[in-house]
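What follows is a set of notes on a single structure, which appears directly below.
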Amino acid sequence: MLEPGLLLSILLILVVGKILGIAAERISLPSLVGELMTGIILGPMMLGIIHPALPGTEDPLRFLADLGIIFMMFLMGLSIDIESVMKTNARSAASITLIGAFLVFLFSTAIMVVVGMVLGQELYYSVIQGLLIGIGLTSTSTVIGFRYLSEIGDRFSNVFKTLVAVEITDGIFSIMALAVLLSIVGLVGNALQGNAINTSAFLSDVGWSTFRLFLLMLGFIIFVIKFGGVVTDWLLGVSRRSGEDQSIITLSLIVLFAVAALSDWLELTYVIGAFLAGAILAGSPFSSTVIEPRIKALGYGLFIPIFFAYTGITMDFGALLGGPSLYAPSIGLGVPFYLLLFVGLLVIVMGGKYLGTLAGCALTGGFKSVEPNRIGFSLMCAGEDALVIAGIGATVSLGGSPLITPQLLSIIGLVVIVSSLLAPIFIKWSFQEKGYAPTMAPKTSAGLNGKSKGKYKSL
């Protein structure tokens, strides 16, 4: 039987989350900012109405939040048209993604390792923790950039099309990097059970596991491009004969949980499987017309808001001022390491993505003088996937400790919120040039494929 407390918690999260989500969108921020604030307001930090369960105890709200992760990854896979991105803006998008991700990943990991060592953590733990944070922060939110371009009617420019392609390549990179890291975490956990790590054997296992995972992912991408559409068209066609869209959605959910379960069995984790299931169905003719709208309604109507709110509930911004401090004689005060970590990660994320964009555009060429700035500022915002990946890390234990602590989860959430507040200022500034006019739709072409237009037409 459902507990009244759980039902009340869900009610409050949905009501307050909807109100704050709409308020955030009114000031050109992603709705997730409002949903995070919902958890912060309802959680222990403010009103204390909802509390996360104690470690080791069952938490039905956490279960619903985990379903939110599954639906987010599924929708991410649905939005990625692997075949089309190979045809348009692929080279520039890949360069921007890889260079920006490398800068963010490298410096985020480095600063995490330094802070971890200062806090007295084991080196291997600090390194893996840093790698996970680095992967999460490579995620980019393009929502603010898309929304601004849509508001000014600029939906056919090179900037807009590059943002579409970057969102796809960014998702592919993040999910592959996460899959490799989680595989390594499993190997480290197994090695620690023996209380001693055979370095040569461990590195050999990591190399083989990474290579095997790469082959699996590469084989899957080839399968999706060559055969995925044919298989899903046939399956969904059979389901379509019933004459009801519900049968298509049921089949889509069967594919989602079947691939997630298979992925977990192959030790790729259910999160990777949810993404791959979405990528399989992305090639279906029913993807943008039936599957994506209804799965979005289910996911964003219930499970995903609960995930972001639950993330806010587990945050503890007060902890940023606690812990060890760096004493500054010039001001006679100690500066908390967690606060320094937040500032450092914020600068790394926004600066790394901007510089990576400039370098990627310069490497590939074909951009007007003002376009790299506009693309770079549009990619400065940390994505909601950072919270998803951090949430995954909070459920993964290494040596008996969670990879992502509440303090780190709070820092990642704050980076997402603050970068979402700062990015619109830079974007608007980059478009304030004399004589600027939005790019008009080509007369002989729709400018973008139907799937991409359908995805962003409501922004």
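Here are the numbers for this structure:
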quantity: Solvent exposure, largest accessible area first (probe 1.4 Å, DNA, RNA and ligands not counted), of Thr138, Thr289; calculated: Thr289, Thr138
quantity: Per-selection Kirkwood Rh - segment 353-421 (Cα, Å, 1 d.p.); calculated: 14.0 Å
quantity: Net length gained if the chain between Leu106 and Glu25 were fully extended (0.36 nm per residue, minus Cα distance); calculated: 25.9 nm
quantity: Share of carbon and sulfur in the accessible heavy-atom surface of segment 352-420 [1.4 Å probe, %]; calculated: 60 percent
quantity: Residue-level accessible surface for Lys428, protein heavy atoms, 1.4 Å, Å²; calculated: 90 Å²
quantity: Added length on full extension, which subtracts the Cα-Cα distance from 0.36 nm per residue, Leu253 to Leu298; calculated: 15.1 nm
quantity: Separation of alpha-carbon centers, segment 388-430 and segment 269-307, rounded to whole Å; calculated: 23 Å
quantity: Charge context of Ile96, other residues only, Cβ under 13 angstrom, K/R +1, D/E -1; calculated: +1
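The values are calculated or read from the model by the stated rules, or taken from the named source; none is laboratory data. Just so it is clear, the structure is predicted and the values come from calculations on it, not from any experiment. Glycine also receives a Cβ, built like all others from the backbone with ideal geometry; neighbour counts cover every protein chain displayed. To get the accessible areas, we keep the full protein, side chains included, count just its heavy atoms, and leave off ligands, DNA and RNA. Shrake-Rupley method; radii C 1.70, N 1.55, O 1.52, S 1.80 Å.
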